[in-house]
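Asker: Once you've had a glance at the structure underneath, I'll fire off some questions.
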Amino acid sequence: MDNTSESSKPVADKYNVPAAEILANEAQQLPIAEATPIYEQLLTLFPTAAKFWKQYVEAHMSVNNDDAIKQIFSRCLLICLQIPLWRCYIRFIRKANEKKGVEGQEETRKAFDFMLNYVGADIASGPVWMEYISFLKSLPALNPQEESHRMTAVRKAYQKAIVTPTHHIEQLWKEYENFENSVSRQLAKGLISEYQPKYTSARAVYRERKKYVDEIDWNMLAVPPTGSAKEEGQWMAWKRLLAFEKGNPQRIDTASSNKRIIFTYEQCLMYLYHYPDVWHDYATWHAKSGSIDAAIKVFQRSLKALPDSEMLRYAYAELEESRGAIQAAKKIYESLLGDGVSTTALAHIQFIRFLRRTEGVEAARKYFLDARKSQNCTYHVYIAYAMMTFCLDKDPKMAHNVFEAGLKRFMHDPVYILEYADFLTRLNDDQNIRALFERALSSLPPDESVEVWKKFTQFEQTYGDLASMLKVEQRRKEALSGTGEDGTSALESSLQDVVSRYSFMELWPCSSKDLDHLAREEWLSKNINKKVEKSLLPNGTSLLDKVSTGTTNISAMSTKVVYPDTSKMVIYDPTVNPGGGTNAFDEILRATPPALIAFLSNLPAVEGPTPNVDVVLSICLQSDLPIAQSGKIGTPARLPTGPAPSTSEISGSSKSHPMPSASSFKPTGRRQHGKRRELDRQEDDDTTTVQSQPLPQDAFRIRQFQKARASSTSQTGSVSYGSAFSGDLSGSTG
């Protein structure tokens, strides 16, 4: 077996979970000397993988390497709060102390207490509580005093277990009842009644918690977030469980509730180890709870887990600064600066602001003078320091000098020019603003000066007169005419120029429909010499989301629009069945029962208006329809004989078969015989019931009539065979 190629898989893809699983399985088959490097490599990548730690320690336990076992447990127990790993630990402790007598029993008891202190709140900790109670019951008692101590220890263990929401809480409660009754029935009654409400509350919380716990994948390995649906689902599941625990559903004391929340966060970090938001939430929760020291420890652990996370470093520095630990916060900022070679502009800016807050103006100025010499110093550093001196130090002269110093270095950067212009606008220094625009536009290439010209135009519309406004707009058109495909038309004045000059914020001198129309016309004018199909002409609403100041560069927008391939489009034909499938009527007929198809086929062909459904139902309910035989009394005279046609014959017939109207049911001679038979049947009845009354022609009254029939049937003991609406066979025996 070539272990070299397999062991190099995590190196090529650090967090390749399938490769890690294969390596772990292979390591189980190897001698401990060969498996140790593989386990160490896996646990370096997955330090919270409890199953890898368990395999690793069991490999050493199989060869009785106690020193290595203790070292492994000291590395993993407190960061992997998982029941199987901790039960492995207690097995090792019990085995190591089984022959040490009373001293060994005391060490084992301390180990149980240590384990339950960390994982006793786990929903799967029921077997651990049972094992602990069994261990306490097995302790020897040489005298009544020791027996009393043992019974007290067992009782305390039971009372803790039955108020912990676990999978085995009901079994533990039954065992506790038996235990108390075996000790003293008189004492048991009071203790059981005291702990019954607590047990009931814990059991209810267990059922609620189980819903959240069942959503979590306990075999998942901690990997950096990739955005997969499974990872996002697990993140949401943990967030829901944390929110549930923070709500203190069991209404226990604050200390116990906080302990349970800490346990849940620690378990969450086993699987979301590379999620900075989880670390931040954990530390923030500690800080809000008043445990600043615990929050600091969480941040320190987070930086070991995610050393490249600037977000966590800034959050950590903010916490230290908020509690007055300035030097500790300064060290964190200095760690962000690094060696100065790879320092980011943001690190420079945030450190300057920190120095200004904590050490004053001179310290910030001194560092800025050093930072401006760095190769990584961008225009952002100049802008940030200049605005800080202007807004915080109230020193516009210094800010102006900083902007001027940066202008020598960033003259060809339009963003810096615009920020400098905004600063001068705040000073209301219109002369220097015009000078700045002239200097910048003389050095910037046309394709990079679009935003600067736009800003210059806006400035003149606010600060200039009509002549300067028109002059700058004309210069802008001349400068930018070469950047588009419409050199001549760009120099011409348009109505859109008037719109841009006389608009203010979201207020326009025309309607949105007019804006769309102007944008469409401008696009057409730019493409007037091109052969454009009508289907490619854009809709005005899609071209003009927001009219910018000055002439909208529609030609630039049109080059970015991706039009559909019209060569493959098919002209719509309503007579053609798309996809070659069957029509809806054929599908309905295929699902129709044969008996109903036969009934439909016997309906007469009627051409005319659609009948009233309520009238048809009313007539059908009053008619004597044949049940078994056709051609007898009550059968319509014009029913055709012969077999029922097939589905295709019905759907393909030339004449439709709508429901007949009331006029098609005119009585015939045979119909008179049917009425006479009905009259004879009514004469035989002692009384006239509601069922003998004719049905109304209104749908609502028909439903009321059916209810009256049902009540009448139940009173007289007659049998009702259902209505035409329900089709159910119902009977009443009296």
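Asker: Among the listed pairs 54/99; 239/259; 210/297; 54/259; 70/210, which are separated by more than 23 Å between their Cα atoms?
Answerer: Correct reply: 54/99; 210/297; 54/259; 70/210.
Asker: How much FRET efficiency would the formula 1/(1 + (r/R0)^6) give for residue 251 and residue 114, where r is the Cβ-Cβ distance and R0 is 22 Å, rounded to 0.05?
Answerer: Taking R0 as 22 Å, the efficiency between residue 251 and residue 114 is 0.20.
Asker: Right, next: Determine the dipole magnitude for the stretch 55-142: charges of +1 sit on the beta-carbon of Lys and Arg, -1 on that of Asp and Glu, nothing else is charged, the reference point is the Cα centre, and the result goes in debye to the nearest 20.
Answerer: Result for the stretch 55-142 is approximately 80 debye, rounded to the nearest 20.
Asker: So what is the relative contact order of the stretch 194-341, in percent, for Cα pairs below 8 Å that sit 6 or more residues apart?
Answerer: Here the relative contact order equals 16 percent.
Asker: Assigning unit charges at the beta carbon (Lys, Arg +1; Asp, Glu -1) and nothing else, what dipole magnitude in debye, to the nearest 20, does the stretch 315-434 show about its Cα centre?
Answerer: 180 debye
Asker: Please give the residues of the stretch 83-123, grouped as numeric ranges, whose backbone N is less than 20 Å from a label point set 7 Å along the Cα-to-Cβ vector of residue 150.
Answerer: Zone members listed by number: 94-95, 97-113.
Asker: Between residue 30 and residue 243, what is the label-point separation in nm under the 7 Å Cα-to-beta-carbon projection?
Answerer: Taking the two extended label points, one gets 4.5 nm.
Asker: Taking a virtual spin label 7 Å from the Cα of residue 447 along the C-beta vector, which residues in the stretch 403-418 bring their backbone nitrogen under 19 Å of it?
Answerer: 412-415
Asker: Placing +1 on the Cβ of each Lys and Arg and -1 on the Cβ of each Asp and Glu in the stretch 161-221, which of 213, 195, 161 has its Cα farthest towards the positive end of the resulting dipole?
Answerer: Of the listed residues, the answer is 195.
Asker: With each label point set 7 Å from Cα along the Cα-Cβ vector, what nm distance links residue 478 and residue 359?
Answerer: 5.3 nm
Asker: Calculate, for the stretch 305-450, the solvent-accessible area per residue in square angstrom, rolling a 1.4 angstrom probe over the heavy atoms of the protein chains.
Answerer: Computed with neighbouring chains in place, this is 51 Å² per residue.
Asker: Given R₀ = 45 Å, FRET efficiency for residue 215-residue 513 by Cβ-Cβ distance, to 0.05?
Answerer: For R0 = 45 Å, the calculated efficiency reads 0.30.
Asker: Let me ask another. Taking +1 at the Cβ of each Lys and Arg and -1 at the Cβ of each Asp and Glu, which of 85, 43, 60 sits farthest along the dipole of the stretch 39-96 towards its positive end, judged by Cα position relative to the Cα centre?
Answerer: My answer, from the dipole projection, is 85.
The values are calculated or read from the model by the stated rules, or taken from the named source; none is laboratory data. If you're wondering where the values come from, they're calculated on a predicted model, not measured in any experiment. Neighbour counts are summed over all protein chains in view; Cβ atoms, including those assigned to glycine, are modelled from backbone coordinates with ideal geometry. Note: areas computed on protein heavy atoms with side chains; ligands, DNA, RNA excluded. Shrake-Rupley method; radii C 1.70, N 1.55, O 1.52, S 1.80 Å.
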